[in-house]
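K.L.:
This is the structure I have questions about; it appears just below.
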Amino acid sequence: MSRPDLRIAACLLALAPLLAAATQVQVVGLFPGAAVINVDGQRKLVKVGQTGPGGVQVISADSKGAVLRVDGVERHFGLSREYNPAGSGDSPGTPASPQKAQLSIARGNNGHYQVAGSIEGHPVQFLVDTGATSVAMNEGQARRLGIDYRVKGLPMKASTASGTVNAWRVKFDRIKVGSLEVLGVEGAVIEGEAPVEVLLGMSFLNRVRWREEQGVLMLESKF
């Protein structure tokens with residue numbers, strides 16, 4: 001082997017550990033002025049100007065994407081896009097692996113998780129409530145959504161902060177939150193004006209994977 005070949009081989013051997021240890025970065029949540037980043041399996045909500053796991057810095061972030069500085073290089077990331085300096089998975093002609101639907105919800109100043117979604121295609125503002133057995137709403141909300149709960153629902157009693165009240169058990173054909181859609185979700189329509197907000201309860205949450213980390217609620221489809 002000639003001396004130039006030896007130098008090239010030595011350079012390749014020196015680079016091999018760096019390539020093997022390439023940082024894996026994903027953006028799994030986007031908010032104005034912040035992003036939830038996943039660096040080699042570590043997730044964290046990082047505000048603009050701050051540095052997260054692996055020394056990854058968030059330069060800018062909005063609902064469309066985020067600019068991150070990874071290993072000194074600034075790149076634009078969309079939601080759930082992976083960055084791999086080694087180039088694996090980005091080869092031309094290589095199909096991308098299917099991504100599970102994911103959603104990250106930042107906790108509000110009131111300590112609650114609220115998120116926009118839809119029921120039967122109609123827009124709804126949800127309050128995430130792990131203490132609610134099912135997706136629940138009051139009569140007025142059901143009427144606005146065109147839910148014929150008195151005809152199609154099953155009468156029942158519901159326990160609320162005000163005591164036991166009349167309610168109707170219903171089933172929603174589809175509920176969507178972000179890119180997560182769940183079909184055939186059990187729900188309840190409560191007589192009166194409570195709850196004030198539509199509750200995203202366990203009948204939906206049990207159908208997805210979810211966990212809470214550092215003030216961020218992370219949802220992911222099971223399949």
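The values are calculated or read from the model by the stated rules, or taken from the named source; none is laboratory data. Remember, predicted model here, so these are calculated numbers, not experimental data. Cβ coordinates were reconstructed from backbone atoms using ideal geometry, including for glycine residues, and neighbour counts include every protein chain displayed. Side chains are part of the model used for accessible areas, which takes the heavy atoms of the whole protein and leaves out ligands, DNA and RNA. Shrake-Rupley method; radii C 1.70, N 1.55, O 1.52, S 1.80 Å.
K.L.:
Just to check your reading of the model, which residue among Ala158, Ala167, Ala142 is in contact with a Ser or Thr (Cβ under 8 Å, 6 or more places away or on another chain) and more than 30 Å from Leu30 (Cα to Cα)?
P.N.:
Ala158
K.L.:
Pairs under 8 Å by beta carbon, first residue loosely packed, with under 13 Cβ neighbours inside 10 Å in segment 53-78, partner among the aliphatic types (A, V, I, L, M) and modelled with pLDDT of 90 or more, six or more apart or different chains?
P.N.:
Glu74/Ile59; Glu74/Val67; Glu74/Leu68
K.L.:
Can you name every one of the strands (runs of 3 or more DSSP E) wholly within segment 118-165 that holds 3 or more residues which are in contact (Cβ under 8 Å) with a residue 40 or more places away in the chain and closer than 17 Å to Gly192 by Cβ?
P.N.:
135-138
K.L.:
Can you work out which of the residues in segment 183-201 that are of a type in the set (A, V, I, L, M) and not in a strand (DSSP E or B) is surrounded by the most Cβ atoms within 10 Å (Cβ to Cβ)?
P.N.:
In this case the residue turns out to be Ala194.
K.L.:
Can I ask one more? Enumerate the pairs (first residue in segment 202-223 and more than 12 Å from Lys100 (Cα to Cα) and open to solvent by 20 Å² or more (accessible area, probe 1.4 Å); second residue anywhere and at pLDDT below 90 and among the basic types (Lys, Arg)) with beta-carbon separation below 8 Å, excluding pairs fewer than 6 apart on the same chain, so at least 6 apart or on different chains.
P.N.:
If the second residue must be at pLDDT below 90 and among the basic types (Lys, Arg), the pairs left are Arg207/Lys222; Glu213/Arg43; Glu213/Lys44; Gln214/Lys44.
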